[in-house]
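A short worksheet on the structure shown next.
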């Protein structure tokens, strides 16, 4: 999903304080490196995942990794 907007195109259920809020806080601080557990539940049975949001050292964007638990 490279190049897609995670919060709009990939996982709209993450538009909440836990996910989007942490992302916005990291962007405001110019460095994102946060990991947390989450349950995807948008039009599906909840799926527990671990989310890792990390900005690149060369300011080429922010990677968001999702691993199912």
Residue-averaged 222 nm ellipticity for the chain, from DSSP H runs of 4+ at -39500 (n - 2.57), nearest 500: -2500 deg cm²/dmol
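Arrange the following residues from fewest to most other Cβ atoms within 10 Å of their Cβ: 31, 19. Before the final figure, lay out each step's value.
Details: 31 12, 19 20.
The fewest-first ordering by Cβ neighbours comes to 31, 19.
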Relative contact order for the chain: what is it in percent, counting Cα pairs under 8 Å that are at least 6 residues apart? 22 percent
Scattering profile of the chain from the Debye formula, Cα beads only, expressed as log10 I(q)/I(0) at q = 0.15 Å⁻¹, is -0.46
Residues residue 37 and residue 63, FRET efficiency given R0 of 22 Å [Cβ-Cβ distance, rounded to 0.05]: 0.75
Ranked highest first by the average count of other Cβ atoms within 10 Å around their residues, in what order do 6-14, 40-48 fall? 6-14, 40-48
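Length gain on complete extension for the stretch residue 24 to residue 48, per 0.36 nm per residue less the alpha carbon to alpha carbon distance? Mind dumping the intermediate values first?
On the way: separation 24, 0.36 × 24 = 8.64 nm, distance 2.22 nm.
Going from the current span to full extension adds 6.4 nm.
Any read-out appearing in this document is the output of simple, stated calculations on the displayed coordinates, not a laboratory observation. Computed from a predicted model, the values in this text were never measured in an experiment. Neighbour counts run over all protein chains shown; Cβ positions are idealised from the backbone, glycine included.
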